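One structure below.
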Amino acid sequence: MTDPYKVLGVSRDATDDEIKKAYRDLAKKYHPDNYANNPLADIAEEKMKEINTAYSEIQKIRAAAESGQKDTGFDDGSYTDYTGEYAEFYRKIRFLINAGKNAEADMYLNTIPISNRNAEWNFLKGCILRQKGWIYDAQKCFETACYMDSANAEYRSALDEIRKNAGAYGTNYDNAVCGWSDLCRTLCIADCCCECLGNDCCRIC
Amino acid sequence: MFGYVRTYTEELKIRENAYYQSIYCGLCRALGKSLCKEGRLSLSYDMVFLAIIRYRLEEKTPEIGQHRCPVPPFRKKPMAETDGVLSYCSAVSGLLTWHKLDDDVKDGKGLKKLGSELLRSAAGRMRKKAGMSDLDTALTAELEKLSELEKSGEGTPDSLAETSGQMLASVFAYGLDGEKKRIAYEIGRHIGRWIYFADAVDDLEKDMKKGRFNPFSDGIDVGMCRNAMLLELQAASCACDLLPSDGDMLCALTDNILRLGMPKKADELLKKHEQAGKAD
């Protein structure tokens, strides 16, 4: 198997942030959006898979090393040991979010060390933020989730849904374009001047 | 305040625009009456929107009378009479203006700081006159939270916007209870958050040049920002739809501002930013 550090082009003693940045840069480069209707799309996809695997490989290696060093401090019996698989843990958080217990879900999410935050983590965080109405931050999280796991349809559709909803609201204004806008503006200014002198010169704008 | 909350005049009926104007003029007059002469200078479109929503919340309509405007004093104009709603909005305007100037003094340097200090001392009288120490305390607490977040460097755009949202939520909901309070809170919160985003985008270039704090100084995603701002408005709009809709002109004005005026303003600000980016 190829060396995951080599795939991402980082040294073995790179910091978590350096690795994350390297991964993100590569993910941006190979992102399917860049290869829409491109005959090389399949190659880009292969590359993407490669760096995804490498990134999660490094995360796993580092999580294992870290958990060996210190206790995670998460005192819910069944989840004390989450060195290997997070699946169960994330399932529980999903359940909490669905039940509307966002504060609790957020608390659990925040117990995961930054270096171990994967696509699912970012997606769930995004869901919590979205429900809170923090749409800008939510989009940032969904975007990160999409970069980390570009094949996941759920992450992508979360981002698309926000765009769609905003678009649906925004069209109101797009339709209401005044064709005479320049004339209107001129008249408005003229109107303001006239108003200063105590009279309205027009009632159009 | 900032004056981002505007109507899209082209789409208003003439009588609706006249109505809006008379509330605007009425608020200006109320500012002079319940604060002081200088109080009129704190007049802003944002506060007119507050007045419209407070009328709808309190299920009242403005009474329009004829009064003289000091500039120019030749002719009488239709103005909303100074009532509970406009007095409240004047007081809020005084409070917010003082806090804005206070912020300028804290951030400012040299001549600008001196200027702000002078203005702040004048606004101090308005603040005293406004009273409502409970609301004042709530605003101060949120502003402190904001400056702490700015200093820590850990504030995300949304967490910063939330302080502004909470400020306007308390302003919109002040003195109300029950269902009305919840609706007012939601409207205020989303409008406050939207204003924070609008102001941040508007000031981005200037802040970067002068090395001042801006939530987007390490990069803004214009598309995401547009989406976020539109969805704030959608949420505010949904909340407004739950208000009693007797005064049909007040309704039409609310809709015009939330669905046309504010999206247009956001678009202008974001486009301005994009063009400035291209010019660099």
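A few comments on the model shown:
- Placed amide H near B:HIS67: partners under 5 Å, 5+ positions off or other chain: B:LYS77, B:MET79
- Total charge dipole magnitude, region B:9-279, about the Cα centre, Cβ charges on Lys, Arg, Asp, Glu only, Debye to nearest 20: 1360 debye
- Converting phi to 3J(HN,Hα) with the Karplus coefficients 6.51, -1.76 and 1.60 and the offset θ = phi - 60°, region B:43-60 yields 4, 8, 4, 4, 6, 5, 4, 4, 4, 4, 5, 5, 4, 5, 5, 8, 6, 10 Hz in sequence order, with x at every glycine or proline.
- Helix B:222-240 vs. chain B, principal-axis angle (Cα, 0 to 90°, nearest 10): 30 degrees
- Cα centroid separation - region B:137-212 against region B:20-85, whole Å: 25 Å
- Across region B:28-41, computed HN-Hα scalar couplings (Karplus, 6.51 cos²θ - 1.76 cosθ + 1.60, θ = phi - 60°) run 4, 5, 4, 4, x, 6, 8, 10, 6, 3, 5, x, 4, 5 Hz from first to last residue, x flagging Gly and Pro.
- Per-residue ³J(HN,Hα) for region B:251-263, Karplus 6.51 cos²θ - 1.76 cosθ + 1.60, θ = phi - 60°, Hz, x for Gly and Pro: 4, 4, 5, 4, 4, 4, 5, 6, 9, 10, x, 6, x
- What the Kirkwood sum gives for region B:9-279 is a hydrodynamic radius of 19.5 Å, with every pair of different alpha carbons counted.
- Distances between placed amide hydrogens fall under 5 Å for B:TYR174 paired with no residue 5 or more residues away or on another chain.
- Principal-axis analysis of the Cα atoms of chain B puts helix B:178-210 at an angle of about 50° to the longest axis.
- Gap separating the Cα centres of region A:94-165 and region B:221-277, nearest whole Å: 25 Å
- For chain B, the relative contact order comes to 22 percent (Cα pairs under 8 Å, sequence separation of at least 6).
- Ellipticity at 222 nm from helices only: DSSP H runs of n ≥ 4 in chain B, each -39500 (n - 2.57), divided by the residue count, give -23500 deg cm²/dmol.
- Compared with the dominant Cα axis of chain B, that is its longest principal axis, helix B:84-107 is turned about 20°.
Since every read-out is calculated from the coordinates, none of them should be taken as a lab result. These figures come from a predicted structure and were not determined experimentally. Positions of Cβ are generated from backbone atoms using ideal geometry, with glycine treated the same way; all protein chains shown enter the neighbour counts.
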